[in-house]
């Protein structure tokens, strides 16, 4: 079967897991409600003032790169303090602190200290992973700890060079996470108790976050480990299929992006990208090239095209559009540093690592920039978040809420 026929027949038979009690205005987990950077039709402002979006509030925060999770008018994020990491709950409308919880953490994370993982809200519980591997299950109401597990110490595992980074994925009974080496590259724990359900033997983690997909025939949870993309049975951890994917420094950072039975993978350090077709029984590559080697930001897919940043942090980078069917490039826009991109109302919201924010039509025929302004200063490695008519931008030490409601 040709790749074109595969694309046309894949449909949307697989769905991303939605956390319980999440409303249309919430972003309760990494990469938004659908865990793929696509926020759908949420009514954003598509004509920005020349001076940029209006700032609703901003907070000076500690270091780190964790994106906020937003639910029920509350915002949850994790920051680096003096020899600690801090989980904070803020009022989404005002930025006022509701509660905070800190725990010891001296991990330097390869010279870039601070948490990486985005917390996840599931009903009245919050799940958060620190750069030192501490997994917390907390009360959303007051921040009290319900249970906690150190994912590294429990397995006598070593941390990664740049710290534990996988954002927790919560389903009906389990929470899926990543750790370090010694079989902690893919883990599942009971979400009510923290008891380990299974671990992928012999695996070492990368920096990517897992995703969950399902169709009528099977359910799968996808991980990128230090050496492969692997689909596991959510219930047992049994491998269903795997595909070799090796990145320099074991630095697979962007998450897989799934459309139907197709899985798009990209990594930096000149690794490139590939499109896989998978089922419950196996996987086969449809194409592979180096046109989109995303260092950190997970690309988005819209109308059969991939939009994402190519290039390495600290160096030049381009925003590119790739045809999902063929892997061919449709357009590119240079003048960016590498960054992150999300999708809403048929538009891309792109944030460069130096804080430049742009609104771009999600159009594969040509690059069409609608607006751009300097939204933040300093290192901006964190993916933007949309919730309740606000766009949340995080630099390394500041969190800013912009009004983006139509």
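Side notes on the structure shown:
- Out of 9, 23, sole residue that is over 20 Å from residue 360 (Cβ atoms) and either modelled with pLDDT of 95 or more or in a helix (DSSP H, G or I) (or both): 9
- Close pairs from region 356-368: first touching a residue at least 24 places away in the same chain (Cβ under 8 Å), partner assigned to a loop (DSSP other than H, G, I, E, B) and buried (at least 20 other Cβ atoms within 10 Å of the Cβ), Cβ under 7 Å, at least 6 apart: 357/375
- Qualifying residue in region 200-222 (condition: assigned to a strand (DSSP E or B) and either under 28 Å from residue 83 (Cα atoms) or touching a helix residue (DSSP H, G or I) at 6+ places or on another chain (Cβ under 8 Å) (or both)): yes
- Residue among 396, 369, 377 that is within 28 Å of residue 209 (Cβ to Cβ) and over 20 Å from the mean Cα position of the chain (by Cα): 377
- Of the set (1) more than 21 Å from residue 32 (Cα to Cα); (2) over 22 Å from the mean Cα position of the chain (by Cα), all apply to residue 95 but (1).
- Residue 235 vs. criteria out of contact with any strand residue (DSSP E or B) (no Cβ under 6 Å at 6 or more places or on another chain) and more than 19 Å from residue 249 (Cα to Cα): yes
- Test: residue in region 121-131 that is out of contact with any strand residue (DSSP E or B) (no Cβ under 7 Å at 6 or more places or on another chain), part of a loop (DSSP other than H, G, I, E, B) and without any contact (Cβ under 8 Å) to a residue 40 or more places away in the chain: no
- Comparison of 166, 143 shows that the only residue that is in a loop (DSSP other than H, G, I, E, B) and closer than 22 Å to residue 202 by Cα is 166.
- Among the residues of this structure, residue 114 counts as one that is surrounded by 23 or more Cβ atoms within 10 Å (Cβ to Cβ), at positive phi, out of contact with any helix residue (DSSP H, G or I) (no Cβ under 7 Å at 6 or more places or on another chain) and in a loop (DSSP other than H, G, I, E, B).
- Any chance residue 59 is farther than 27 Å from residue 344 by Cα and assigned to a strand (DSSP E or B): no
- Of all residues in region 244-263, those satisfying the criterion of being within 13 Å of residue 224 (Cα to Cα), in contact (Cβ under 8 Å) with a residue 40 or more places away in the chain and assigned to a loop (DSSP other than H, G, I, E, B) are 247, 251, 252, 253, 254, 255, 256.
- Residue within region 132-139 that is surrounded by fewer than 21 Cβ atoms within 10 Å (Cβ to Cβ), at pLDDT 95 or above and closer than 16 Å to residue 28 by Cα present: yes
- Check on residue 288, free of Cβ contacts under 8 Å to residues at least 40 places away in the same chain and surrounded by fewer than 19 Cβ atoms within 10 Å (Cβ to Cβ): yes
- Residue ID - farthest from the chain's Cα centre (by Cα), chosen from residues in region 81-92 that are in a loop (DSSP other than H, G, I, E, B) and surrounded by 14 or more Cβ atoms within 10 Å (Cβ to Cβ): 81
- No other residue among 78, 55 is at pLDDT 95 or above, out of contact with any helix residue (DSSP H, G or I) (no Cβ under 7 Å at 6 or more places or on another chain) and loosely packed, with under 15 Cβ neighbours inside 10 Å apart from 55.
- Residue match in region 327-342 (condition: modelled with pLDDT of 95 or more, in contact with a helix residue (DSSP H, G or I) (Cβ under 8 Å, 6 or more places away or on another chain) and either on the phi < 0 side of the Ramachandran plot or surrounded by fewer than 20 Cβ atoms within 10 Å (Cβ to Cβ) (or both)): no
The values are calculated or read from the model by the stated rules, or taken from the named source; none is laboratory data. What you are looking at is a predicted structure, and each value in this text was computed from that prediction instead of being measured. So basically every Cβ, Gly included, is an ideal-geometry build from the backbone, and we count neighbours across all protein chains shown.
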